[in-house]
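The values are calculated or read from the model by the stated rules, or taken from the named source; none is laboratory data. Computed from a predicted model, the values in this text were never measured in an experiment. We place every Cβ from the backbone using ideal geometry, glycine too, and count neighbours over all the protein chains shown. SASA here: full protein model, heavy atoms, side chains in, ligands and nucleic acids out. Shrake-Rupley method; radii C 1.70, N 1.55, O 1.52, S 1.80 Å.
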Amino acid sequence: MHYEQFTKKLATPAGFRAPERLLFDHFEARAISRADLTEDVRGINTSLDLIVRTRGGGWPTEPVTADVDFVDLVWHELEFRDGYSFTYAVYDTEGKYLGCCYLYPLGRRTALSEALLDYDVDVSWWVTPAAYERSDYERLYTALGHWLATEFSFWRPYYSNREIPR
């Protein structure tokens with residue numbers, strides 16, 4: 001069967017509402033929204049090469065504008081509301097923007113295959129260069145594992161980043 005044309009919907013319990021705020025260590029992840037626009041544009045545009053190197057995938061291909069990112073943030077808000085995917089802007093506990101993390105259905109970011117059918121969520125993330133230098137990339141990986149185990153019903157995450165911490 002050719003699975004690559006399909007998307008495996010995120011399976012959550014009836015009535016499940018994803019947390020809008022997640023805390024771990026010095027991280028505060030908030031459901032991304034239009035309120036994050038300025039920080040998100042700045043963060044993406046200062047991290048273009050690092051995002052490609054660590055997260056991989058086909059985005060970003062060029063600097064983002066506020067207009068384009070606004071549309072993207074509204075799209076993320078709607079998907080979060082509808083339970084189709086969950087995207088978080090990540091800040092430290094002092095309010096400094098660090099990057100983003102994504103919980104997507106399999107087949108959205110990574111082509112679905114028979115081998116991926118056993119996984120229940122596609123997890124990816126990126127951080128700014130300053131956060132990467134402070135080892136926040138690895139620490140956010142740990143935080144994601146904690147959040148998936150304690151806040152969500154995803155037991156078999158597929159980490160799709162190009163660079164996976166040991």
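A few notes on this one:
- Residue tally, condition touching a residue at least 40 places away in the same chain (Cβ under 8 Å) and open to solvent by 50 Å² or more (accessible area, probe 1.4 Å), over region 36-49: 3
- Residue, surrounded by the most Cβ atoms within 10 Å (Cβ to Cβ), within region 91-128, restricted to residues that are in a strand (DSSP E or B) and of a type in the set (Asp, Glu): Asp122
- Pair list, Cβ under 6 Å, 6 or more apart: region 6-35 residue at negative phi, other residue among the small types (Gly, Ala, Ser) and assigned to a strand (DSSP E or B): Glu20/Ala31; Leu22/Ala29; Arg30/Ala89; Ile32/Ala89
- Filter result (under 12 Å from Trp125 (Cα atoms), open to solvent by 20 Å² or more (accessible area, probe 1.4 Å) and of a type in the set (D, E, K, R)) within region 50-90: Arg53
- Cβ pairs under 8 Å, 6+ apart, first in region 58-71 and free of Cβ contacts under 8 Å to residues at least 60 places away in the same chain and of a type in the set (D, E, K, R), second assigned to a helix (DSSP H, G or I) and surrounded by 11 or more Cβ atoms within 10 Å (Cβ to Cβ): Glu62/Leu48; Asp69/Leu37; Asp69/Asp40; Asp69/Val41; Asp69/Ile44
- The residues of region 137-166 that are surrounded by 18 or more Cβ atoms within 10 Å (Cβ to Cβ), under 12 Å from Asp25 (Cβ atoms) and in contact (Cβ under 8 Å) with a residue 60 or more places away in the chain, listed by number, are Arg139, Leu140, Ala143, Trp147.
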